[in-house]
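All of the numbers you see were taken from the coordinates with simple rules; none came from a lab. As the structure is a prediction and not an experimental result, all values here were calculated from the model. In this analysis, Cβ positions are derived from the backbone assuming ideal geometry, glycine residues included, and neighbour counts consider all displayed protein chains.
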Amino acid sequence: MVHDREWLEQRRIELEAEFNEAITLDGLTATWNIFQRRRGHRHSIDDVLTAWYALENSPPVDHFLDLGTGIGTVGMMILSCLAPTARLTCIEAQAISHRLLLENIRANAIEERVTPLLGDLRELKHNDRFLLVTGSPPYFAPSAGILSADSQRAHARFELRGDVRDYARAASRHLAVGGTFVFCFPYAQKNRAVKAVRDDGFAIVKQRDVVPKEGLVPLFSVFACRLGQHDEQEEAPFVVRDAGGRPTQALDAVRARFGWEQICRQSSNR
């Protein structure tokens, strides 16, 4: 059953009562929505470009895996662009994120298409092998900064349950022959990500740095990896906004991929 705006708003109010805090209802794609904690870990450009890079570098798949899925943003964005019969298996260890994941699956009426697992990706046991595995690993070692008192935010940013090496190991265990592992990682730690995937037998067939605004240094990088020996290519940086702060044509194209054509037209007419 597709839920209308009135149903979604009523569900948001109920979630606020359950969580005893502000919950927002936001657009994930032009047609899919997500519930998020206003002061929790939230959907970001990292998620958008990881989902987009996965779609760009993998053929259409009928079943894929998202590691450390959080509230479901990367996996659901990819799923929204696949055939209606395509399925997603995802795993998340944080109880509060998994709770919102379940609500976001329900909000978009995709219960029959998603298997949402609660657990540690390092302990994932699954008989299927996937032609696409995605992930957004936490970026920082616990010693690299001050941990947030909010458990969801802390686990999303800091490596409290494994690091990029664990994501690579999990991906290699569950990837089908010829499959692709796509993930993002901060540019400042790029060498660590490259070493992690190569140590686990991956070649980085494509990689792209993401520049938040023209003239600035890259913020993070996205990687498309395959097991074994393959040609490797580093693509030109993806620039999110031009020097004046306006969305670039590249970003408009990504938005269009997820159905935001009207926003893109408005942007191009400025």
Signed unit charges on C-beta, dipole axis of the stretch 42-237, positive-most listed residue THR180, GLY70, VAL222:
GLY70
Taking the chain as a Gaussian network, where each spring joins two C-alpha atoms under 10 Å apart, which residue of ALA30, ALA170, ALA83 fluctuates the most?
ALA83
Kindly provide the helix-only [θ] at 222 nm of the chain, computed as the sum of -39,500 (n - 2.57) over DSSP H runs of four or more divided by all residues, to the nearest 500 deg cm²/dmol?
-10500 deg cm²/dmol
Top mean-square fluctuation among SER172, SER44, SER97, Gaussian network model of the chain, C-alpha springs under 10 Å?
SER44
Rank these for me by crowding, THR134, THR31, going from fewest to most other beta carbons within 10 Å.
THR31, THR134
In whole Hz and in residue order, list the ³J(HN,Hα) couplings for the stretch 43-56 that follow from phi through the Karplus curve 6.51 cos²θ - 1.76 cosθ + 1.60, θ = phi - 60°; x for Gly and Pro.
3, 9, 5, 4, 5, 4, 6, 5, 4, 4, 5, 5, 5, 6
Any lysines with Cα under 24 Å of the LYS213 Cα? List them, leaving off those in the same chain fewer than 8 positions away.
LYS190
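Return the tail of the calculated pair distribution for the chain, meaning the percent of Cα-Cα pairs more than 35 Å apart. If you can, show how the numbers build up before the last one.
Details: 4497 of 36315 pairs.
It works out to 12 percent of all Cα pairs.
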Mean separation of Cα contacts under 8 Å (6+ apart) over length of the stretch 42-237, as relative contact order %
19 percent
Between ASN33, ASN108, ASN191, find the one with the highest GNM mean-square fluctuation for the chain; connect C-alpha pairs within less than 10 Å.
ASN191
Exposure proxy check: LEU102, LEU67 ranked by fewest other beta carbons within 10 Å?
LEU102, LEU67
How do GLU6, GLU214 line up, fewest other C-beta atoms within 10 Å first?
GLU6, GLU214
Point-charge dipole on Cβ atoms (K/R +1, D/E -1) for the chain, about Cα centre, debye to 20:
400 debye
If each of VAL205 and THR85 carries a label point 7 Å out from its Cα toward its Cβ, how far apart are those two points in nm?
2.3 nm
Using θ = phi - 60° and Karplus 6.51 cos²θ - 1.76 cosθ + 1.60, couplings along the stretch 12-24 (whole Hz; Gly, Pro as x)
4, 4, 5, 5, 4, 5, 5, 8, 6, 6, 6, 10, 9
In the chain, taking the dipole from +1 charges on Lys and Arg beta carbons and -1 charges on Asp and Glu beta carbons about the Cα centre, the listed residue (ALA109, GLN94, LEU82) farthest towards the positive end is GLN94
5 angstrom amide H check on ALA203, placed H, neighbours 5+ away:
ARG226, LEU227, GLY228
